[in-house]
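Contents: one structure, followed by commentary.
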Amino acid sequence: MALEVSVVTPERELWSGEATFVVARAAGGDVGVLPGHAPFLGALHHASLKITTEAGEEYFAVHGGFIEVFEDRVTVLAPLAEEAAEIDIERARRDIEEFEASLRHEFDEEIQMCLLRAQARLRTAGEAGLIVG
C-alpha cells in the first residue's frame, strides 16, 4: 500500500505521485506519515518536506500552508514551495546574511519572513545533499 501525495502551490502542482513515507514540519513539530495514518490537518512552517518513494527521496522547501492526510492521500497546499534542485544555494546564503544584518538594526516582520524562507531553502538544500563541505 502506498500514499498518494500532491504538493501544490497557487501557480502549479510541484509534485504528484506515490510515496512510502512523508515528513513535514507542522505547528506542533515534525509529522511523519505512513500508509494507514489517521486523518490529520496541520499548519506548516517554513521548513523542509521530505517525500520517500520507491525510487528515492524528494525534498521541497515549503513556506507555510497546510498538510492534509486522509485515507492514504497526503495533500500539501502551500502559498510558496520549491523543489530542492531549484534552490539557488549561494543566493540563499547571501539573503540570510543580508536579512540578519537588517534585523540587527531594526525588526521588520516582512524581513523576518524573508529570513525564514531563506533559512528553509538552505536547510532543504542541505537535507537533499546539495551542499558540499
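The values are calculated or read from the model by the stated rules, or taken from the named source; none is laboratory data. Every value quoted in this text rests on a predicted model; they were computed, and no experiment measured them. Cβ coordinates were reconstructed from backbone atoms using ideal geometry, including for glycine residues, and neighbour counts include every protein chain displayed.
Residues that are free of Cβ contacts under 8 Å to residues at least 12 places away in the same chain and assigned to a loop (DSSP other than H, G, I, E, B) were ranked within segment 114-133; the one that is surrounded by the fewest Cβ atoms within 10 Å (Cβ to Cβ) is Gly133.
Can you find even one residue in segment 61-79 that is closer than 24 Å to Ile131 by Cα, in the same structural domain as Trp15 (by TED's automatic domain parsing) and surrounded by fewer than 14 Cβ atoms within 10 Å (Cβ to Cβ)? No, every residue in segment 61-79 fails to be closer than 24 Å to Ile131 by Cα, in the same structural domain as Trp15 (by TED's automatic domain parsing) and surrounded by fewer than 14 Cβ atoms within 10 Å (Cβ to Cβ). Given the criterion small (Gly, Ala, Ser), under 12 Å from Thr124 (Cβ atoms), outside any strand (DSSP E or B) and under 16 Å from the mean Cα position of the chain (by Cα), identify the matching residue among Ala85, Ala61, Ala47. Going through Ala85, Ala61, Ala47 in turn, the sole match is Ala85. Pairs linking a residue in segment 73-101 that is among the aromatic types (Phe, Trp, Tyr) to a residue that is part of a helix (DSSP H, G or I) and at pLDDT 95 or above, with Cβ atoms under 6 Å and 6 or more positions apart or on different chains, are Phe99/Ile111; Phe99/Cys114; Phe99/Leu115.
Okay, residues lined up against (1) of a type outside the set (Asp, Glu); (2) surrounded by 15 or more Cβ atoms within 10 Å (Cβ to Cβ):
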site	(1), (2)
Val7	yes, yes
Gly28	yes, no
Gly32	yes, no
Tyr59	yes, yes
Ala81	yes, yes
Glu86	no, no
